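Here the structure is laid out as structure tokens; the discussion comes afterwards.
The values are calculated or read from the model by the stated rules, or taken from the named source; none is laboratory data. What you are looking at is a predicted structure, and each value in this text was computed from that prediction instead of being measured. Neighbour counts run over all protein chains shown; Cβ positions are idealised from the backbone, glycine included. The area values use the complete protein model at the heavy-atom level, side chains included, leaving out ligands, DNA and RNA. Shrake-Rupley method; radii C 1.70, N 1.55, O 1.52, S 1.80 Å.
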Amino acid sequence: MTSIPHHADPTRAELRQARVARRLEHAITAGGLQVYYQPEATLHPPMLVSLEALCRWHDSELNLVTPDEFIAVAEARGLIIPLGEEIWRLVLNDLPTVLQRWPHARVAVNVSGLELAQPDYASKVIAAVQARGLHLAQHLELEVTESVFHTDPATVKQNLVDLKAQGFTVAIDDFGTGQSSLSRLHTLPFDKIKMDKSFVQALEDPTARAILKAMIDLAVSLDKVLVVEGLETPAQSAMLQSLGCQFAQGYWLSAPLPLAQLLSSLQA
Ligand code: C2E
Ligand code: CA
Ligand code: CA
């Protein structure tokens, strides 16, 4: 029987976390993790620009555990660094196949603040990419949330600066949630803003629409790419286009899929 996390009961939650951590540690070393890819595309006409790598884990005992749960467990239990290394390994294995189909695409990897707080993070990633050809860096992107700058901003910033110098790009993920601050934008080394899906979900609301429109205009003035996350319907797509939005990601364009499935579904 699958155990369900019960947050009102700390003992059950802790037991669940310990069990997930034990199984996850095994999955990381035994090749039990997979990467699904979700396109980011232009809205009109729809053309693929990049692919976001999203970690998937199907455990024989726990069944499908969501990334929201197992990434949090990995961060809490000291597993996020080996997990991140495994994701880079899987992505670098897939990258030649991606580039054969979309020669100008980038693949974006989600990175946790704990990874970026390691002083040697950039050099480890650069070495892993270099082993396959450093020119591949221009096809790679890191997705970070603003929270990565809360713990050790100097180390995080240095890692991002070093990676950008090799050709990696940096996207700020889930923008508009948590502790986003406009004033921070001009001090951060980044290339792209990903507007959190809550903005698309609130498009009917004139205030949310006005904020989104202002962000789209701000991104243009800052010479940054802006991608809207969570696009689910053609009506939302039309509304985004009327606001001047060029790039989006969401189920309406494609769900995250295994690479082989994505290649065949976008064959036409
Ligand atoms: P995220 O980086 O914000 O990823 C976007 C999430 O939204 C994904 O959930 C994706 O499946 C989902 N999504 C995509 N399109 C739509 C849509 O149209 N509507 C809605 N409602 N949702 C959509 P997923 O794959 O469950 O991942 C959840 C989070 O887990 C990610 O949020 C990311 O923060 C984290 N994560 C996933 N893979 C990794 C990884 O390899 N490393 C790290 N550090 N975090 C990861
Ligand atoms: Ca992301
Ligand atoms: Ca996001």
- 222 nm [θ] for the chain, helices only, -39500 (n - 2.57) per DSSP H run of 4+, per residue, to 500? -13500 deg cm²/dmol
- Query: Separation between the GLN100 and SER221 pseudo-spin-labels, each 7 Å from Cα along Cα→Cβ, expressed in nm?
  - Reply: 4.6 nm
- Under the span-like rule (Cα at least 20 Å along the axis, Kyte-Doolittle mean at least 0.0), DSSP H helices of the chain: 80-101, 206-222
- Area accessible to solvent at TYR251, 1.4 Å probe radius, in Å²: 150 Å²
- Result for the range 33-265: accessible area per residue, probe 1.4 angstrom, in square angstrom, of 45 Å²
- Query: Looking at the range 33-265, what % of its DSSP beta bridges pair antiparallel, to the nearest 5?
  - Reply: 40 percent
- Tell me the label-point distance for the pair GLN158, SER242, using the 7 Å Cα-to-Cβ offset, in nm and rounded to one decimal. 5.0 nm
- For HIS186 the rounded accessible area (nearest 10 Å², probe 1.4 Å, non-protein molecules ignored) is 150 Å²
- Query: Is the shape of the range 197-268 rounded, prolate or oblate, going by the alpha carbon gyration tensor and its root eigenvalues a ≥ b ≥ c, with a/c under 1.5 for rounded and a/b larger than b/c for prolate?
  - Reply: prolate
- Using θ = phi - 60° and Karplus 6.51 cos²θ - 1.76 cosθ + 1.60, couplings along the range 34-46 (whole Hz; Gly, Pro as x): 10, 10, 9, 10, 10, x, 10, 9, 6, 7, 8, x, x
- Query: How much length is gained on full extension from SER181 to LEU263, taking 0.36 nm per residue of separation minus their Cα-Cα distance?
  - Reply: 25.8 nm
- If amide H atoms are built 1.01 Å from N in the plane of the peptide, which residues on other chains or at least 5 residues away come under 5 Å of the amide H of VAL49? GLU40, ALA41, THR42
- Message: Which order do the peptides 189-195, 131-137 come out in when sorted by mean C-beta neighbours inside 10 angstrom, highest first?
- Response: 189-195, 131-137
- Message: Need one value: the accessible area of ARG19 in square angstrom, 1.4 angstrom probe, rounded to the nearest 10.
- Response: 70 Å²
- Item | Separation of the HIS26 and HIS135 label points, Cα + 7 Å toward Cβ, nm | 4.3 nm
- Message: Taking all protein chains in place and a 1.4 Å probe, what share, in percent, of the accessible surface of the chain do carbon and sulfur account for?
- Response: 56 percent
- Note on the structure: Amide H neighbours of ILE193 at under 5 Å, excluding residues fewer than 5 places away on the same chain, with H built from the backbone geometry, are ILE172, VAL225, LEU226, VAL227
- Restricting to lysines and to Cα separations under 21 Å from LYS164, and discarding same-chain partners fewer than 8 apart, the set is LYS124, LYS192, LYS194, LYS224
